[in-house]
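Written out below as structure tokens is the structure these notes cover.
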Amino acid sequence: MLRLSRVVLTSMLVWVTALPATAQANDPVADPRAVVALGDARFTVLTPQLVRMEWAPGARFEDRASLVFLNRRLPVPAFRSRREGEWQVIETDALTVRYRVGTGEFTADNLEVRLKGPPAADWRPGTPDSANLLGTTRTLDGASGPVKLEPGLVSRDGWVVVDDGERPLFDASPWPWVTTRAAGERQDLYFFGYGHDYRKALGDFTRVAGKIPMPPRFAFGAWWSRYWAYTDQEFEQLVRDFGRNDVPLDVLVIDMDWHNTFELRWQGQPQDQAGQRLGWTGYTWDRAYFPDPVGFLDWVRRQGLRRTMNLHPASGIQPHEEQYPVMARAMGIDPATRRYVPFAIEDKKFAGAYFQNVIHPLERQGIDFFWLDWQQWGNTSIPGLNPTWWINYTFFTDMQREGRARPLIFHRWGGLGNHRYQIGFSGDTHAVWPALAFEPYFTATAANVGYAYWSHDIGGHIHDEGVGTDPELYARWVQFGIFSPVLRTHTTKNAAVERRIWAYPIQYAHAMRDAFQLRYQLVPYLYTASRRTYDTGVAMLRPLYYDWPDAKEAYDFTGEYAFGDDMLVSPVVAPMSPDTLLATRSVWLPPGEWIEWATGARLRGPAVLSRAFSLDQVPVFVRAGAIVPMQPPTLRVGDAAPDTLVLTVFPGPSGATRVYEDAGNSLGYQRGEAAWTSVRQSRDAAGALHLVIDPVAGGYPGMRPSRAYEVRLPGSWPPAQVTWQGAPVPYAPRGPAAGRAGWRYDGPTLATIVSLPATAVAARKELVVRIPPGADDALLDGVPGRLHRLYESMTMLEALWPADWAPDAYVSLVQTGNRIAL
């Protein structure tokens, strides 16, 4: 067995103890019992499917953490190691590794790994990974459609190999810092042999490479962003307009014109001392636009909004910056020389001074997190260290070290291991339909490297000068944003491009406002999915093949994805027919029964179906019987869980969920400060619904001792009786008085809605909804969709009818839903 020196063990102990108490506990030194050392070769069995394979002359193996692999001390899996002639054989339940001892560097002649499957496979060094399912890429800048993606961690071949041999390492300092590997030849390979168990592969990756942290709760609200030279007054008016138009908002993004730009233009701009365009980088408020920055940021805070600002840090600290004298002196530069301070984030001295003198003062003024818009060179002074990767690391861990709140950055993908530093900014796409069509696939595929939180420029970034966004394209992009990790509008500086949804023609404005409001109602579902991402390593937005790996359609329908555990989404990414004003979408439904949310249609898979959707409809399919946790309409997400938990129970014989909550913007969730509420529903022999809410498990600072509930039953019959905790719930057609129980029926959606007063979260609760005898649920199949289509048709006909209004008989037909309720 490998014997580790006291020096190595001591340095690794320093690494573990140096990490902030809130961070995942990591130990890069594997348990010696998991190691098979064979001279210049060493094999570490991390899991039954994951083996580290090293070759280093003189057995100079590496036990420090690399930028990707932080934790190798996992529970030792069961394996057998034996000698078969000149071959050493290491066997787990999933893999067989064979190495010809004493033959040196790994080659196709002396090393092989057999994957027992399914699918069975043999790998040797040099074997092409021909069926890799890909990962992501740094940016979509300039994309008008598909772009090339980097390899991912899962493959239809059943195996993936990650070469870690040239990747830099972390040292063992209190703020772990990048360091290079020793000179010389080496091989450091990680063999992932998970077959088609993609979920387990990604879960184990986050065990060795660090978890995917949860963003703060507010990050799941809407973000306003636009590249424009706003004044503080214009921003304040914009925020007021969001409220006046009943459009929710949580994050105000302040693009680069907050600082001096020296009338920056795309052409003919003078260069600064770093060779960049003067004014592209900046850290000094432009007092013409923001005469009182602290007062403005405080006003934004008092509106319940979070504040982020754009940084282009490539030019370092130029002599015109307010922070220049202190930064120059910190870096040994005489300020009188007016020589700029180069940006060298890999230099720990520079980084420390930069955060202390530039970043922390901006945070104290009121900036909650930064948009790190790095677009410059791809190398640093340290071989193999990508500046994007390291900027992400330093900003995220600086927030972590400060302990102010849950760390959050907004930047581009820097490479494998960057899943630990979210959220991603995908860059400047063209505002065209093919760019929108690529983004669902792009976002889902990023799950294959654990990058769970891409944010896109909703509406597209690049437009022809003087040309605005097609309203239909913008509406469909917004709808995709609703069912994606982050909802953030953005665009380039172009006066013709509008991002205020209420400024579009009324039918588009209504569709987008409804979408924004649905997003806010879905936050409990999103937040629960985020916690599951942290626990499992599986992103909330992910490819279909994670759950149906043996179905060809799961790989073919690349524009469709799973969204959380109970939804499939296939966003509309092409224009509607001018004849029908409907967009047709070909969708694949996996095995089982699914409810089309927009129409109430009950569909069964496996099947490929053609479905049509109007402007305000989104192709979302929910598992039959699913319970989707939601909240009432609101204009802010904030940090706190809602006073009222809404439980939307879709038609189906049974279903269950667990609703997650925590303090919303602290690291307590990593210490077990969290609460789970289990909810389940079933139908008895008479068809009555029994919904049980179990006592809450766990707790966190600030958790409410009681809460109200609203239960929504779409596609249901009007109840014959409703009881809560055994007591009858009265019919209240306009909704019950505050603090009282009551139920009502919404005819257009055929939905029963039960409002229930606040009850102790520690108590078990049961709702029973009994339906009239003989009620046949099959008669309700798709009826809400047809009623909605009738209503839409009347609004169109009234604009065209020769007599200026629709016939009474037609009006009566359109009123069917309301008449049912009456």
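The values are calculated or read from the model by the stated rules, or taken from the named source; none is laboratory data. What you see is a predicted model; the values in this text were computed from it and never measured. Glycine also receives a Cβ, built like all others from the backbone with ideal geometry; neighbour counts cover every protein chain displayed. Accessible surface areas use protein heavy atoms only, side chains included; no ligands, DNA or RNA. Shrake-Rupley method; radii C 1.70, N 1.55, O 1.52, S 1.80 Å.
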Report summary line: A careful count of residues in the range 140-158 that are hydroxyl-bearing (Ser, Thr, Tyr) and open to solvent by 30 Å² or more (accessible area, probe 1.4 Å) gives 1
Report task. Residue by residue through the range 469-499, note down the ones that are closer than 16 Å to Ala437 by Cβ and of a type in the set (A, V, I, L, M). Result -> Leu473, Ala475, Val478
Query raised in the report: Restricting attention to the range 8-23, does a residue exist that is modelled with pLDDT of 95 or more and either surrounded by 16 or more Cβ atoms within 10 Å (Cβ to Cβ) or part of a loop (DSSP other than H, G, I, E, B) (or both)?
Result: no
Query raised in the report: Pairs, please: C-beta under 9 Å, at least 6 apart or cross-chain, first residue within 23 Å of Asp746 (Cα to Cα) and in the range 794-822, second hydroxyl-bearing (Ser, Thr, Tyr) and open to solvent by less than 60 Å² (accessible area, probe 1.4 Å)?
Result: Met794/Tyr810; Tyr810/Ser793; Val814/Ser793; Arg819/Ser812; Ile820/Tyr745; Ala821/Tyr745
**Report entry** Residue under evaluation Trp299, criteria (1) closer than 23 Å to Thr492 by Cβ; (2) within 32 Å of the chain's Cα centre (by Cα); (3) of a type in the set (Phe, Trp, Tyr), criterion not met
**Finding:** (1)
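Table: residues versus (1) in a loop (DSSP other than H, G, I, E, B); (2) crowded, with 19+ Cβ neighbours inside 10 Å; (3) within 21 Å of the chain's Cα centre (by Cα); (4) of a type outside the set (A, V, I, L, M).
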{"site": "Leu603", "(1), (2), (3), (4)": "no, yes, no, no"}
{"site": "Pro606", "(1), (2), (3), (4)": "no, no, no, yes"}
{"site": "Ala612", "(1), (2), (3), (4)": "no, no, no, no"}
{"site": "Leu615", "(1), (2), (3), (4)": "yes, yes, no, no"}
{"site": "Pro629", "(1), (2), (3), (4)": "no, yes, yes, yes"}
{"site": "Arg636", "(1), (2), (3), (4)": "yes, no, yes, yes"}
Query raised in the report: In the range 555-571, what residues are closer than 15 Å to Phe621 by Cα and over 20 Å from the mean Cα position of the chain (by Cα)?
Result: Phe557
Requested in this report: Working only within the range 626-654, note down all residues that are in contact (Cβ under 8 Å) with a residue 60 or more places away in the chain, within 21 Å of Arg683 (Cβ to Cβ) and small (Gly, Ala, Ser).
Outcome: Ala626
Query raised in the report: Mind checking whether some residue in the range 246-264 is touching a residue at least 12 places away in the same chain (Cβ under 8 Å), assigned to a helix (DSSP H, G or I) and acidic (Asp, Glu)?
Result: yes
Query raised in the report: Of all residues in the range 426-449 being out of contact with any Ser or Thr (no Cβ under 6 Å at 6 or more places or on another chain) and not in a helix (DSSP H, G or I), which is surrounded by the most Cβ atoms within 10 Å (Cβ to Cβ)?
Result: Thr429
Requested in this report: Report whether or not Ala405 is farther than 30 Å from Ser614 by Cβ, of a type outside the set (Asp, Glu), touching a Ser or Thr at 6+ places or on another chain (Cβ under 9 Å) and assigned to a loop (DSSP other than H, G, I, E, B).
Outcome: yes
Query raised in the report: Would a scan of the range 481-496 turn up a residue that is under 29 Å from Ile345 (Cα atoms), open to solvent by less than 10 Å² (accessible area, probe 1.4 Å) and more than 13 Å from the chain's Cα centre (by Cα)?
Result: yes
Report summary line: Flagged in the range 450-470 as over 23 Å from the mean Cα position of the chain (by Cα) and open to solvent by less than 20 Å² (accessible area, probe 1.4 Å), in numbering order, are Thr469
Report task. Can you tell me which residue within the range 338-354, out of those that are in contact with a Pro (Cβ under 8 Å, 6 or more places away or on another chain) and basic (Lys, Arg), is surrounded by the most Cβ atoms within 10 Å (Cβ to Cβ)? Result -> Arg339
Query raised in the report: Is one or more of the residues making up the range 323-335 in contact (Cβ under 8 Å) with a residue 60 or more places away in the chain, part of a loop (DSSP other than H, G, I, E, B) and not β-branched (Val, Ile, Thr)?
Result: no
Report summary line: Scanning the range 321-337 for residues that are of a type in the set (D, E, K, R) and open to solvent by less than 60 Å² (accessible area, probe 1.4 Å) gives Glu321
Query raised in the report: In the range 83-100, how many are open to solvent by 40 Å² or more (accessible area, probe 1.4 Å) and touching a residue at least 40 places away in the same chain (Cβ under 8 Å)?
Result: 1
Report task. Could you tell me which of the residues Ala624, Ala583 is open to solvent by 20 Å² or more (accessible area, probe 1.4 Å) and in contact with a Lys or Arg (Cβ under 9 Å, 6 or more places away or on another chain)? Result -> Ala624
Requested in this report: Answer with yes or no whether Leu473 is part of a helix (DSSP H, G or I) and either among the small types (Gly, Ala, Ser) or open to solvent by 10 Å² or more (accessible area, probe 1.4 Å) (or both).
Outcome: no
Report summary line: Inside the range 179-199, the number of residues satisfying the requirement of being in contact with a strand residue (DSSP E or B) (Cβ under 7 Å, 6 or more places away or on another chain), open to solvent by less than 10 Å² (accessible area, probe 1.4 Å) and not in a loop (DSSP other than H, G, I, E, B) is 4
Query raised in the report: Would it be correct to say that Thr308 is farther than 21 Å from His360 by Cβ and in contact (Cβ under 8 Å) with a residue 24 or more places away in the chain?
Result: no
Query - Condition broken by Leu750, with the remaining ones in (1) free of Cβ contacts under 8 Å to residues at least 12 places away in the same chain; (2) in contact with a helix residue (DSSP H, G or I) (Cβ under 7 Å, 6 or more places away or on another chain); (3) not acidic (Asp, Glu) satisfied - result: (1)
Report summary line: Of the residues in the range 539-593, those that are without any contact (Cβ under 8 Å) to a residue 40 or more places away in the chain, basic (Lys, Arg) and touching a strand residue (DSSP E or B) at 6+ places or on another chain (Cβ under 9 Å) come to Arg585
Query raised in the report: Only one of these conditions is not met by Phe290: (1) out of contact with any strand residue (DSSP E or B) (no Cβ under 7 Å at 6 or more places or on another chain); (2) under 19 Å from Ile391 (Cβ atoms); (3) open to solvent by less than 10 Å² (accessible area, probe 1.4 Å). Which number is it?
Result: (2)
Requested in this report: Examine the range 228-243 for a residue that is over 30 Å from Arg513 (Cα atoms), open to solvent by less than 10 Å² (accessible area, probe 1.4 Å) and at pLDDT 95 or above, and state whether such a residue exists.
Outcome: no
Query raised in the report: For residues in the range 296-320 being part of a loop (DSSP other than H, G, I, E, B) and either closer than 16 Å to Gln271 by Cβ or among the aromatic types (Phe, Trp, Tyr) (or both), which is most open to solvent (accessible area, probe 1.4 Å)?
Result: His320
Requested in this report: Kindly provide the set of residues from the range 499-550 that are crowded, with 19+ Cβ neighbours inside 10 Å, small (Gly, Ala, Ser) and under 25 Å from Pro632 (Cβ atoms), ordered by number.
Outcome: Ala511, Ala515, Ala529, Ser530
